[in-house]
Amino acid sequence: MHSLSRRTLLKGSALLAAYGGGMGIASRFNRAEAAPAPVEMEARTTAAVLDGKNLTKNVYTYVLGGHDGPMPPVLRLRRGEPFAARLVNSLDDATTIHWHGLRIPNAMDGVPFLTQPYVYKGDRFDYAFTPPDAGTFWYHPHCSTLEQMGRGMTGLLIVEDSKDPLFDAELTLNLRDWRLGADGQFIEMFKPRDTARAGTFGTVRGANWSPEPRLDAPAGGLVRLRLANTDVTRLYNLKLDGAVAMVLALDGQPLATPRPLDMAVVAPGQRLDLAIVMPASEGLEAALMDSRPSTPKVVARFRSLGASLKRAAGDATPLQPNPFHEPDVAGAEHIPLVLSATAENAARDSVCGTLGYSFWAINKVVWPGDTPDPMAPLAELKLGRSYVFDLANTTPHAHPIHLHGMNFKVVSSSRRAVEPVISDTYLVLPDEKVQLAFVADNPGDWVLHCHIIEHQKTGMTSYIRVT
Ligand code: C2O
Ligand code: CU
């Protein structure tokens, strides 16, 4: 077994810098200071070639630190170190930033009306928090979410840890499709009849704002791939052809023991961290494949460069676990959470947009999640107590259910053997009943919703109150 020496690490980082995986943002503030200078995150429009041919106008993105870096943006933080960001809104539309998967104070959660005022054009909002967990997370708006995410506003958020194992290189993949016409310009973001089913799919598939990116890494190297599904609709069944990979973490939470990647289902909102052993000869490629559609699709290619570093899968060591309050499942209070379709039409106008339809409900209540008149919370929880969501999907569609502010542990399922994974987003299968246990350890109003954004925005949203 080869251990990663300082020399090969440096080689890896040189490659990393050369391929634009840089660490620029984290170094923009002094880590020793309690209140770092905020990183400016400007929400604005840009133009980009997304389909490989045409320049698409009116793409929405975040520009970090005042200059155009590589798109899509990647933000790097350090576990336990204070971080600050100033959202500056240059869009014509109100917006907010939600930090998906971060367990931070409620006032920083980015949900308009519930946790903060929406930020209108020309306004700004200061976020400041200290990430308690290391891993792969992401951020996106929580106002006019379908339109804004559909046009590109998503970015990976990496929380590094000083105890992270060393890799020869690190790569990131932001998986998302686009709804573009033949001329490369945006078309309507959804079709109501699809919204009422699995959701409306993109017409142009992609990753890292490209139809099929090719990423370079050292031959025979052990490479960390951090990947997030930031698409508004699509579920991925990911496999790697041409190389061996170990799964290091799911949804930002490390596995106790890395295991070989066979096929990983990654739903909207979910993340996957892999250690890939690159092909040993220069020029050889491995391909990340999505095997879910009837015609499998190459998501990204990884090309080997240089002389082989001769790593093996066994060189992948486990990541440091994140802190987690173990719930007392036997003594927990149960909260029923029933996902259903609804015919009730309660679509209300809001500054954060409406799709104009109501198709979905949680416990028979329809709420799009970003209106000034939220209904009563689904449940009121006592700080420090254990709870179990008895989640029942009565629909024929899968729904990735995401909880803000806290992590849960999967306890049992009516449809499959479950692993006791810790997560913030669980893909509930059609007609599945599942139990998710957690300690209500973060005070505030926390939304939970389907991360198929059309489902979220047409009713499949609710919130819990922890006091
Ligand atoms: Cu990633 Cu409320 O969402
Ligand atoms: Cu859904």
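Quick rundown of the values:
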quantity: Considering residues of the stretch 363-388 that are open to solvent by less than 10 Å² (accessible area, probe 1.4 Å) and within 25 Å of the chain's Cα centre (by Cα) only, the residue nearest to ligand 1 (Cβ to nearest atom); calculated: G369
quantity: Counted residues, the stretch 217-233 - those being open to solvent by 10 Å² or more (accessible area, probe 1.4 Å) and either of a type in the set (G, A, S) or touching a Phe, Trp or Tyr at 6+ places or on another chain (Cβ under 6 Å) (or both); calculated: 0
quantity: Any hit, the stretch 428-446, residues being buried (at least 20 other Cβ atoms within 10 Å of the Cβ) and within 17 Å of V266 (Cα to Cα); calculated: yes
quantity: Subset of the stretch 396-405 (residues that are touching an Asp or Glu at 6+ places or on another chain (Cβ under 8 Å) and either more than 13 Å from ligand 1 (Cβ to nearest atom) or charged (D, E, K, R) (or both)); calculated: P396
quantity: Selection status of L235, under 23 Å from C143 (Cα atoms) and not charged (D, E, K, R); calculated: yes
quantity: So R176, is it outside the structural domain of G135 (by TED's automatic domain parsing) and within 16 Å of ligand 1 (Cβ to nearest atom); calculated: yes
quantity: Strands (runs of 3 or more DSSP E) completely within the stretch 121-231 that count 2 or more residues being farther than 25 Å from V63 by Cβ; calculated: 214-218, 222-229
quantity: Residues located in the stretch 56-83, provided they are modelled with pLDDT of 95 or more and loosely packed, with under 15 Cβ neighbours inside 10 Å; calculated: K57, N58, G80
quantity: Matching option when the condition is free of Cβ contacts under 8 Å to residues at least 40 places away in the same chain and either closer than 16 Å to R103 by Cα or within 15 Å of ligand 1 (Cβ to nearest atom) (or both), among Y463, Y426; calculated: Y426
quantity: Residue selected from the stretch 338-362 under the condition β-branched (V, I, T) and under 27 Å from the mean Cα position of the chain (by Cα), by the criterion surrounded by the most Cβ atoms within 10 Å (Cβ to Cβ); calculated: I362
quantity: Inter-residue pairs, beta-carbon under 9 Å, first under 18 Å from Y60 (Cβ atoms) and in the stretch 34-45, second open to solvent by 40 Å² or more (accessible area, probe 1.4 Å) and among the polar types (S, T, N, Q), 6+ apart; calculated: E42/S90; A43/S90; R44/S90; T45/N58; T45/S90
quantity: Out of A48, A32, A43, sole residue that is more than 19 Å from W99 (Cβ to Cβ) and either modelled with pLDDT under 95 or surrounded by 19 or more Cβ atoms within 10 Å (Cβ to Cβ) (or both); calculated: A32
quantity: Some residue of the stretch 391-399 being at positive phi and either in contact with a Leu (Cβ under 6 Å, 6 or more places away or on another chain) or in contact (Cβ under 8 Å) with a residue 40 or more places away in the chain (or both); calculated: no
quantity: Candidate set: the stretch 426-467, residues that are more than 16 Å from ligand 2 (Cβ to nearest atom) and of a type in the set (S, T, N, Q); chosen: the one nearest to the chain's Cα centre (by Cα); calculated: N442
quantity: Among residues of the stretch 103-120, those that are in a helix (DSSP H, G or I) and within 23 Å of S162 (Cα to Cα), counted; calculated: 0
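The values are calculated or read from the model by the stated rules, or taken from the named source; none is laboratory data. Note that this is a predicted model, so its numbers are computed, not measured. With ideal geometry, Cβ positions are generated from the backbone for all residues, glycine too; neighbour counts draw on all protein chains shown. Keep in mind that these areas ignore ligands, DNA and RNA; they rest on the heavy atoms of the full protein, side chains included. Shrake-Rupley method; radii C 1.70, N 1.55, O 1.52, S 1.80 Å.
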